[in-house]
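*Asks:* So that we are looking at the same thing, I have put the structure below in structure tokens.
Nothing in this text is a laboratory measurement; each read-out follows from the coordinates by a stated rule. This structure is a prediction, so every number in the text was calculated from the model and none was measured. Virtual Cβ from ideal backbone geometry, glycine too; neighbours counted across all protein chains shown.
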Amino acid sequence: MADIKIFAGGSGQAFARGMCSYLGVELRPAETIKFSEGNTYVKIGEHVRGEEVYLVQPIGGGAGAAANDDFVELLFWMDAFKRSGAKYVTAVIPYFSYGKGDKKDEPRVSIRARVVAESIELAGADRIIAMDLHAPQIQGFFKKPLDHLLARPLLARSIEAQCLEDLVIVSPDAGFAKSARKYASRLGLPVAIADKCRSCDDEKAEILDVIGEVRGRNAMIVDDFSISGGTLVALCRQLKARGAKRVYACLTHLPLSEAGIENIEGSDIEYVIATDSVPPRRPLDPGRFKIVSAAPLFAEVVRRMQERQAIGDLMESLPEGMLRDSRT
């Protein structure tokens, strides 16, 4: 594995170290400096001419980070690698925060995900690796190859490990129902679906109804991410009102704001299972937030890409060694 060159941007340091640990390689030297007036400076710490390189940079979330800063830094990294003669540059983006900007659903708005995708490619990315994009059609915004990974096998194993009885899988809205059914099918559990209404472009949603039987059961809400925790907390209240015994949540990404962390900690949600695709804004209570590392999944994909092997089977099942390395 000595020929795999993994670099990390400012928001990707911890995740990249997890990938390198799985692969048994060293994280390559790189430097990010943010100047006081807001400018970002990046510098590759070694020769990369003619090399295949991987740059790890989640977009959005993290302590003191903003999605726009992460995005612009990623563009600078792509440009730096291309100008340094790298043969092939892969952008590893565990969390793609502009995933909700996937359509023009009202007048005079930008399709932000398309703009971001096109910019990353124009800056120099030859390939992109991402996980659980908010909308599958975002893959079509990229002209370059994109490997879209799924966290479901990893998170489903984590749910199984909790040994929860009388469990029902709950989708927070109709849009996530298909994914929720796949969780339920994989785990052999029933599913319920919430009817959610969002009246404006903020982070507040109203739960109107829950379709499916939850009375007397423990409920596991599954979703791709949460920022404010508002939907999770509102749905938890509705589930409790309908007779659910205990409520848990399972998310791919955890870009929670400070207020979002407080919302969940002050709610009746027993705990949240999530991956480490987003660096947390502050240390999280391990009793309320159970973090499963997705770094081994990304690392295994990188290994197979280097060895020109297929990665499709990773979307359904994971090697046992990877599951052991995913425990945090």
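*Asks:* For ASP105 and ALA66 in one chain, what is 0.36 nm times their gap in residues minus the Cα-Cα distance, to one decimal in nm? Walk me through the numbers on the way to the answer.
*Replies:* Numbers: separation 39, 0.36 × 39 = 14.04 nm, distance 2.45 nm.
So the chain would gain 11.6 nm between ASP105 and ALA66.
*Asks:* Can you tell me the 0 to 90 degree angle between the C-alpha axis of helix 67-83 and the longest principal axis of the chain, rounded to 10?
*Replies:* Orientation of helix 67-83: about 30 degrees from the principal axis.
*Asks:* Straight-line reach from LYS87: which lysines have a Cα under 26 Å away, not including same-chain ones fewer than 8 places off?
*Replies:* Qualifying lysines at Cα under 26 Å: LYS5, LYS43, LYS143, LYS144.
*Asks:* What GluC sites (Glu not before Pro) in the range 1-58 are in a loop by DSSP, with at most 14 other Cβ atoms within 10 Å of the Cβ? Don't skip to the answer; put the middle values down first.
*Replies:* Details: sites: GLU26, GLU31, GLU37, GLU46, GLU51, GLU52; in loops: GLU26, GLU37, GLU46, GLU51.
Passing both the DSSP loop test and the Cβ count: GLU26, GLU37, GLU46.
*Asks:* Same structure, new question: Can you find, among GLY10, TYR248, LEU146, the residue sitting farthest towards the positive end of the charge dipole of the chain, where Lys and Arg contribute +1 and Asp and Glu -1 at Cβ?
*Replies:* The listed residue farthest towards the positive side: LEU146.
*Asks:* Take LYS240 and ASP3, extend 7 Å from each Cα along the Cα→Cβ direction, and tell me the distance between the two endpoints in nm.
*Replies:* Inter-label distance under the simple model: 5.7 nm.
*Asks:* So, one more: How many angstrom lie between the Cα centre of the range 1-48 and the Cα centre of the range 205-245?
*Replies:* The two parts, judged by their Cα centres, are 39 Å apart.
*Asks:* Which FRET efficiency value, to the nearest 0.05, is calculated for TYR41 and ARG17 with the Förster distance at 22 angstrom and r the Cβ-Cβ distance? Intermediate results must be reported in sequence, preceding the final value.
*Replies:* Details: r = 22 Å, r/R0 = 0.99.
E between TYR41 and ARG17, to the nearest 0.05, is 0.50.
*Asks:* Of all chymotrypsin sites (Phe, Trp or Tyr not before Pro) in the range 1-106, which ones are in loop regions per DSSP and have a Cβ with at most 14 other Cβ atoms within 10 Å? Before the final figure, lay out each step's value.
*Replies:* Details: sites: PHE7, PHE15, TYR22, PHE35, TYR41, TYR54, PHE71, PHE76, TRP77, PHE81, TYR88, TYR95, PHE96, TYR98; in loops: PHE35, TYR95.
The qualifying sites are PHE35.
*Asks:* Could you work out how much longer the chain between ASP195 and ALA177 gets when fully extended? Use 0.36 nm per residue separation minus the Cα distance between them, nm to one decimal. Don't skip to the answer; put the middle values down first.
*Replies:* On the way: separation 18, 0.36 × 18 = 6.48 nm, distance 1.04 nm.
Using 0.36 nm per residue and subtracting the Cα-Cα distance, I get 5.4 nm.
*Asks:* What number, rounded to the nearest 500 deg cm²/dmol, is the helix-based mean residue ellipticity at 222 nm of the chain, given -39500 (n - 2.57) per DSSP H run of at least four residues and division by all its residues? Don't jump to the answer; show the numbers that get you there.
*Replies:* Numbers: 9 runs with 99 residues, N = 328.
That comes out to -9000 deg cm²/dmol.
*Asks:* So, one more: Angle between the Cα long axis of helix 295-306 and the longest principal axis of the chain, 0 to 90 degrees, nearest 10?
*Replies:* Taking Cα atoms only, the helix is inclined about 40 degrees.
*Asks:* Would you mind computing, in nm to one decimal, how far apart the modelled labels at ASP166 and ILE211 are, each placed 7 Å from Cα along Cα→Cβ?
*Replies:* 2.5
*Asks:* Just to confirm the number: angle between the C-alpha axis of helix 13-23 and the first principal axis of the chain, 0 to 90 degrees, nearest 10?
*Replies:* The helix 13-23 is inclined about 80 degrees to the chain.
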